[in-house]
Amino acid sequence: MSFVVGVDAGGTSTRAIVVDAAGVVLGSAAGEGANPNAHAPKVAAGRIADAIAAALGGRTGVVAAVVGMAGVSKLSDPAVAAVFDAAWQRVGLGGVVRTVADAEVAYASATSAPDGTVLVAGTGSIACRIRKRRTAARAGGYGWLLGDEGSAYWLGREAVRSTLAALRGGADLTGLPAAVLAAAAGPSAVDSPASGQATFHIGPVETEADRVATASALITKANAEPPVRLARFAPLVSAAAIAGEPAAMEIVARAADFLVSLALATREPGESTPLVLVGSVLAEDSPVGAAVRAGLAGLDVLTSSDGVLGATWLAAVDAWGETAPRPSRE
């Protein structure tokens, strides 16, 4: 028998599945994140290879494999590409693996249409024009320092900025500011007893001096962590917006405007192809997701189901052509 392999490798997790020509899932495995921009290339490649090997379970006969990878542009470095090639050789897939952007597999998970648009808003944000199932143009995707507007990182940053404004403007510290301060006081992923970083304490904020001290502590705490950690405040914005808090609703509205503009920037005038939404920020029960869908009313808007299924279907098309059945976990 012959098989194909699909992999969805993100910053926090990696998933691999194996299917046969009938689209039946025969094996699956999961591992830690494998974005080569966030992890050493050797570590990232090893995690993907290990997940593939575990999903195969000793099977041979793989005729095609597609790895959708966050940070795939890193493989444009020949030294990094060589590390990944060695990993594919180790699991018996030398010359078989095709690596693509994670946005491409997310798009393929939602539709079989070869042309369209995919809008991603998770920790970061990017929109891609898809032509013949390949990325033909991009908007955004510049990372936290240069962009990522509307993403979870951006929402978290705006939540902290809103809290600082409340502290310095004498506003009541309820709702979103209270939630941000409480979350910031919790342990950080980078804190350790040996780090020497002061614990962030929140006491009564009754005087102007208290407000200044708390604002300074929040600034210090946020800047001491990796920037991506700001994404942890994004759910607080959603909760506050659902509760009707004006400051949070304004942040949500700006995020949606950014993301709608990002998606439309990759589309041609009058284009009627599918537009696939991907990522936690764009979930159907998310305030930002609802606002983006409203902003894209009239277009064929779909929601990505499972990137690893998209990767596996792309591999199946590579192996068996356009009539290859779409794999399903059911």
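The values are calculated or read from the model by the stated rules, or taken from the named source; none is laboratory data. What you are looking at is a predicted structure, and each value in this text was computed from that prediction instead of being measured. Glycine gets a Cβ as well: all are built from the backbone with ideal geometry, and neighbour counts include every protein chain shown.
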Q | Within the range 74-116, considering residues that are in a helix (DSSP H, G or I) and in contact with a Cys (Cβ under 9 Å, 6 or more places away or on another chain), the one modelled with the lowest pLDDT | A | Ala103
Q. Restricting attention to the range 60-86, which residues are within 15 Å of Val7 (Cβ to Cβ), among the aliphatic types (A, V, I, L, M) and either under 24 Å from the mean Cα position of the chain (by Cα) or buried (at least 23 other Cβ atoms within 10 Å of the Cβ) (or both)?
A. Ala65, Val66, Val67, Met69, Ala70, Val72, Leu75
Q.
Criterion first (part of a strand (DSSP E or B) and either small (Gly, Ala, Ser) or farther than 18 Å from Gly141 by Cβ (or both)) does Val25 satisfy it?
A. yes
Q: Determine if the range 248-268 includes at least one residue that is part of a loop (DSSP other than H, G, I, E, B), surrounded by fewer than 18 Cβ atoms within 10 Å (Cβ to Cβ) and not assigned by TED's automatic domain parsing to the domain that holds Gly61.
A: yes
Q. So Thr312 fits all but one of (1) hydroxyl-bearing (Ser, Thr, Tyr); (2) outside any helix (DSSP H, G or I); (3) buried (at least 24 other Cβ atoms within 10 Å of the Cβ); what number is the exception?
A. (2)
Q) Can you tell me which residues in the range 237-284 are polar (S, T, N, Q) and in contact with a strand residue (DSSP E or B) (Cβ under 7 Å, 6 or more places away or on another chain)? A) Thr266, Thr273
Q: Could you check Leu119 against (1) outside the structural domain of Gly57 (by TED's automatic domain parsing); (2) modelled with pLDDT of 95 or more; (3) surrounded by fewer than 15 Cβ atoms within 10 Å (Cβ to Cβ) and say which number it fails?
A: (3)
Q) Cβ-Cβ below 9 Å, separation at least six or inter-chain, first residue in the range 73-95 and within 18 Å of Leu56 (Cβ to Cβ) and in contact (Cβ under 8 Å) with a residue 60 or more places away in the chain, second surrounded by 15 or more Cβ atoms within 10 Å (Cβ to Cβ) and of a type in the set (Val, Ile, Thr): which pairs? A) Leu93/Val5; Leu93/Ile52; Leu93/Val62
Q) When the range 236-247 is examined, which residues are found to be in a helix (DSSP H, G or I), surrounded by 18 or more Cβ atoms within 10 Å (Cβ to Cβ) and of a type outside the set (A, V, I, L, M, F, W, C)? A) Ser238
Q) Of the residues that sit in the range 269-280 and are modelled with pLDDT of 95 or more and not in a loop (DSSP other than H, G, I, E, B), which one is farthest from Ala30 (Cα to Cα)? A) Leu275
Q) Is there a residue in the range 1-15 that is surrounded by fewer than 24 Cβ atoms within 10 Å (Cβ to Cβ) and of a type in the set (A, V, I, L, M)? A) yes
Q. Which residues, counting only those in the range 286-299, are in contact (Cβ under 8 Å) with a residue 40 or more places away in the chain and either assigned to a loop (DSSP other than H, G, I, E, B) or surrounded by fewer than 19 Cβ atoms within 10 Å (Cβ to Cβ) (or both)?
A. Ser286
